[in-house]
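Bear in mind these aren't lab numbers, they're just calculated from the coordinates by the rules spelled out. Note that this is a predicted model, so its numbers are computed, not measured. Every residue, glycine among them, receives a Cβ derived from its backbone with ideal geometry; neighbour counts consider all protein chains shown.
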Amino acid sequence: MIGAIYTSLSGLAAAQTKIVTAAHNTANANTDGFKKQRVVFQETQPQGVEATVERVNTPGPVFFKETEAGSLAVELSNVDLGEEAINLMLGKRLYEANLNVLKTQNRLLGSLLDIVE
């Protein structure tokens, strides 16, 4: 029973990492040269999940900016706002699912303690 609580707590932390990373990418979508980050989930032993953040180095679109010295090529951010909106929704649902598991475990533990008394 404690294992399920630990698993849901690690899932909550992983979902939070996904939400924070998507918010960070969205906030920097208009920053020239910004490289987005993505979250990769990995199973931990004996149970649970760990979220790691990786930088995505794919190039962003390039446009030419006029300066006093002439035309200068500038690379834009490689952030796709549609993808980040989906990541935010996915993070929200992951958070809700793990929170429901935690609530259910809390009710089961309460019922078990009622039986013991």
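Put simply, when 3-11, 101-109 are sorted by average Cβ atoms within 10 angstrom per residue, most first, you get 3-11, 101-109.
In this label model, residue 69 and residue 102 are separated by 5.2 nm, measuring between points 7 Å along each Cα→Cβ vector. The gain in end-to-end length when the residue 81 to residue 31 segment is fully stretched comes to 16.7 nm, 0.36 nm per residue minus the alpha carbon separation.
Can you tell me the orientation of helix 2-27 relative to the chain, as the angle in degrees between its alpha-carbon axis and the longest Cα principal axis, to the nearest 10? Between helix and principal axis, roughly 20 degrees.
With helices as the sole contributors, the chain gives -19000 deg cm²/dmol at 222 nm; each DSSP H run of n ≥ 4 counts as -39500 (n - 2.57), and the sum is divided by every residue.
Length available on full extension from residue 43 to residue 92: 0.36 nm per residue minus the Cα-Cα distance, which gives 15.7 nm.
Using every pair of separate Cα atoms, the Kirkwood estimate puts the hydrodynamic radius of the chain at 16.8 angstrom. Taking GluC sites (Glu not before Pro) across the range 1-69, the ones in a DSSP loop with at most 12 further Cβ atoms lying within 10 angstrom of their Cβ are 68.
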